[in-house]
1. May I ask you to verify whether A:Tyr23 is more than 8 Å from DNA strand D (Cβ to nearest atom), buried (at least 18 other Cβ atoms within 10 Å of the Cβ) and among the aromatic types (Phe, Trp, Tyr)?
2. Considering segment B:89-120 alone, what residues qualify as being away from chain A (no Cβ under 11 Å) and within 19 Å of B:Ile53 (Cβ to Cβ)?
3. Has segment B:134-150 got any residue that is assigned to a helix (DSSP H, G or I) and buried (at least 18 other Cβ atoms within 10 Å of the Cβ)?
4. Of the conditions (1) in contact with a Phe, Trp or Tyr (Cβ under 9 Å, 6 or more places away or on another chain); (2) outside the structural domain of A:Pro126 (by TED's automatic domain parsing), A:Ile310 clears all except one; give me its number.
5. Would you pick out the residues in segment B:142-182 that are polar (S, T, N, Q) and touching a Lys or Arg at 6+ places or on another chain (Cβ under 8 Å)?
6. Residues of segment A:1-35 being over 19 Å from B:Ala116 (Cβ atoms), in a loop (DSSP other than H, G, I, E, B) and within 12 Å of DNA strand C (Cβ to nearest atom), which ones?
7. Tell me yes or no: at least one residue of segment B:52-69 is under 23 Å from B:Lys300 (Cα atoms), among the charged types (D, E, K, R) and more than 13 Å from every other protein chain (Cβ to nearest Cβ).
8. Tell me which residues, restricted to segment B:184-204, are closer than 25 Å to B:Glu233 by Cβ and either polar (S, T, N, Q) or more than 26 Å from the chain's Cα centre (by Cα) (or both).
Protein chains: 2
Amino acid sequence: MKTVTMADVAKHAQVSKSTVSQYLNKRYDYMGEKTKLRIEQAIYELGYQPNIIARSLKQKSTKTIGVIVANILHNFSTEVSRAIEDACNRADFHTIICNADDDPAKEKKYIEMLRAKQVDGLIIFPTGNNRDLYQKMLDENYPVVFVDRSVEGIPVSSVMLENERASEMAIDYFVNKGQKRIAIITASMIEDVSPRLERMEGYKKALQSHKLAILDEYIKSVEPDQVEEALQEMMALDQPPEAILAGNDLVLKEVLQFAKLHHLNIAEDLSVIGIDDVPYASFYTPPITTVAQPTFKMGKMAGEVLLDKINKKKTTDERPDYRFEPTLMVRESVKEKGGYVL
Amino acid sequence: MKTVTMADVAKHAQVSKSTVSQYLNKRYDYMGEKTKLRIEQAIYELGYQPNIIARSLKQKSTKTIGVIVANILHNFSTEVSRAIEDACNRADFHTIICNADDDPAKEKKYIEMLRAKQVDGLIIFPTGNNRDLYQKMLDENYPVVFVDRSVEGIPVSSVMLENERASEMAIDYFVNKGQKRIAIITASMIEDVSPRLERMEGYKKALQSHKLAILDEYIKSVEPDQVEEALQEMMALDQPPEAILAGNDLVLKEVLQFAKLHHLNIAEDLSVIGIDDVPYASFYTPPITTVAQPTFKMGKMAGEVLLDKINKKKTTDERPDYRFEPTLMVRESVKEKGGYVL
DNA sequence: CTGAAAGCGCTTACAG
DNA sequence: CTGAAAGCGCTTACAG
């Protein structure tokens, strides 16, 4: 497997490497027609494939961006990544996707590895716990955009959901259906991750605006594997909640699993709304009402903002963040409590 | 953002570039302790990060492999990819994952792009329609392994499920539950993709071994968006099927959606088994019985076989393929037809 | 124990 | 219209 290089092509076509290079880069401005043909022919005969690595070294651009998702297990991450890819492909950029597994150490490793690989920019779903690194990239004027989360004090523009609005939509819907005992379960907030905080805020504000009390027993922020226990506790209350807002897809899954285990019928015995529109929502029994994120638009925006920074070589952010409106996907997991409608 | 290079470090530490390079590659055999310290210091002070692109160019190895999945929408693809990544990470290899979208043209584009990026080897879930390219890689002794599918006449070793066995397990289970009117729906077979064929074969053989007739009306191979229509037809038969084997996760999804739409209760009105253990199977109502592929093991094997080829520089395959046993995940989507048990 | 030199496969002013 | 030459940032025999 001896590789054929540009020099081989040049010799075969009886021109210089420079000319071959011009040809490849479509700078035919002054190139003779016969020369062009000879090169084309040589490339074909030798089965020549340019070595992008060599080009990148010289050009100091790899036409590749890195994407580091906090946790690939979230549906959201997969869908947004796909949209980022599409946006980048359109600009002839490639995409390398890495999964930080919610682990700041892994996130750090990937940031360093991708930068060592000379990717031209980074889209990060930040874990939030690598402030020094984030700051360093800013200082170096390295193109970065955040997705899903923002990091306090780090002025990198972030593509995010209107999170408070998402909770609010869910609560409004619950209340309109006559639900009053509404709980919320979000992923753990140890890391102070912004969407979790905002969704919690939205929940509280919405309850207040409906003049409903905020009960500590109805609020849980826990790891996925503790959701069951949290539900256990809630359901053992004298006044257990009758409706639950699941803060993300993983929490929703746990809630549904819990319901199954304890033979609670969704809607009938327990109303549920999930933030994140899971793929099975529409054909679940009953179909699950969710608050959908415009994942495609968000990914597209993230890709475009990053490409813009890369091209313009300006990494300053004129906008702190790009917020997107959620959509309520009304299905059948919320019970209508006739008598209590406001 | 002027990047600091090895030359800068060398100057700062007052040694030559060679020595810095030795240091980075941990060839300290004969390196003076003070030199080592000075270099370490210089690297730290300058915040030096090696440029992997430059190294790759010289070493002719990127320590990166490419993975091209036929269709990332299959759960199977995602899980196997994750396992491949893990296996590669362990050997300090990176992974670039691309999605061919079941489109041979895209597959071709990605194969060429990844090879241009000098990845050291390729794991492909082949679409099957790029025979020339596959053959070319073989001829060039380029390291490749296939996953999920094999390609007739292309002797690249492939990591696959024991597909016939998968269908057989499902049919045996149906029959043991007293089901006799068993249909199968697989994805379209226009492309002659091996697992689909094998699953179909397994279905037929299993029916025969149970002395059940093979009815053409009970066999459909269609695109996901035609599954509904196919079901429509089947269910309109004088003797509609009472059990359905869904050939993969996407088909299963369509079947469940169809059941929902037509108010058919799974198990009660229609028994179902799906090949591929979908994430929601365990908490669906009713929980869905599936035939699971050992995705983790398969991905690990694919990664290891490829790394082996890369390291040993031998790309000949001592084994045509690596077959894995499926597992029946018994849940509750198959009705026990008491009276009819054999 | 360390350094000078060549080279990996390209690109890009610049000269002609 | 085309070529010679330098250089991207590393690594690696080889010499000393």
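1. yes
2. B:Phe93, B:Asp120, listed by residue number.
3. yes
4. That leaves (2) as the condition not met.
5. Correct list: B:Ser157, B:Ser158, B:Asn163, B:Ser167, B:Gln179.
6. Across segment A:1-35, the qualifying residues are A:Val15, A:Ser16, A:Arg27, A:Asp29, A:Tyr30, A:Met31, A:Gly32.
7. no
8. B:Thr186, B:Ser188
The values are calculated or read from the model by the stated rules, or taken from the named source; none is laboratory data. What you are looking at is a predicted structure, and each value in this text was computed from that prediction instead of being measured. Cβ: placed from backbone, ideal geometry, glycine included. Neighbour counts: every protein chain shown.
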